[in-house]
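Quick notes on the structure that follows.
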Amino acid sequence: MLLIGELAELAGTSPRTLRYYEEHGLVRASRDANGYRQYEDGELRVVHEIRTLLASGFGLDDIRPFVACLRAGNSAGHVCPDSVAVLRRKIAEVDDYLGQLTDVRERLHDQLSQALEHRETRCRMTP
């Protein structure tokens with residue numbers, strides 16, 4: 001069993017963050033006789049999974065299937081069908097975003113080309 005400070009240090013996060021994850025039902029803690037939070041050793045793995053997914057742009061609701069998959073005893077959080085569905089949806093979101101960025105990039109290139117082509121004749125700077 002780990003106390004909140006111990007888990008936070010091992011996970012590279014803060015006790016406040018662990019309480020936040022707990023409030024959202026992602027991390028589980030029990031209370032000892034003094035009321036201190038105690039975490040099973042397996043919660044470290046869960047916290048690492050949460051932090052990795054958050055760093056990849058997943059929201060807390062997206063992370064729930066991955067945590068459930070780990071809690072079910074699977075070797076990784078991404079091997080369960082619900083996790084795979086989230087991954088597919090996230091990839092589609094990223095693909096859509098990349099398409100939007102490509103469109104913006106093309107418009108900027110067009111504007112730059114036009115600006116360079118017409119810069120001498122159309123640009124009048126007033127002090």
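Can you tell which of Ala85, Ala115 is assigned to a helix (DSSP H, G or I), closer than 28 Å to Glu22 by Cα and over 15 Å from the mean Cα position of the chain (by Cα)?
After ruling out the rest, the residue left standing is Ala85.
Between residues in the range 72-86 that are within 17 Å of Glu43 (Cβ to Cβ) and residues that are not in a helix (DSSP H, G or I), which pairs lie under 6 Å by C-beta distance while being six or more apart or on different chains?
none
Could you figure out which of (1) at pLDDT below 95; (2) within 17 Å of Ile63 (Cβ to Cβ) isn't true of Asp32?
Checking Asp32 against (1) at pLDDT below 95; (2) within 17 Å of Ile63 (Cβ to Cβ), the one that fails is (2).
Considering only residues that are surrounded by fewer than 19 Cβ atoms within 10 Å (Cβ to Cβ), in contact with a helix residue (DSSP H, G or I) (Cβ under 7 Å, 6 or more places away or on another chain), without any contact (Cβ under 8 Å) to a residue 40 or more places away in the chain and part of a helix (DSSP H, G or I), which ones fall in the range 18-53?
Those that are surrounded by fewer than 19 Cβ atoms within 10 Å (Cβ to Cβ), in contact with a helix residue (DSSP H, G or I) (Cβ under 7 Å, 6 or more places away or on another chain), without any contact (Cβ under 8 Å) to a residue 40 or more places away in the chain and part of a helix (DSSP H, G or I): Arg45, His48.
The values are calculated or read from the model by the stated rules, or taken from the named source; none is laboratory data. Here the structure is a predicted model, which is why all the values come from computation and not from measurement. Cβ sites come from the backbone with ideal geometry, for glycine too, and all protein chains shown count toward neighbours.
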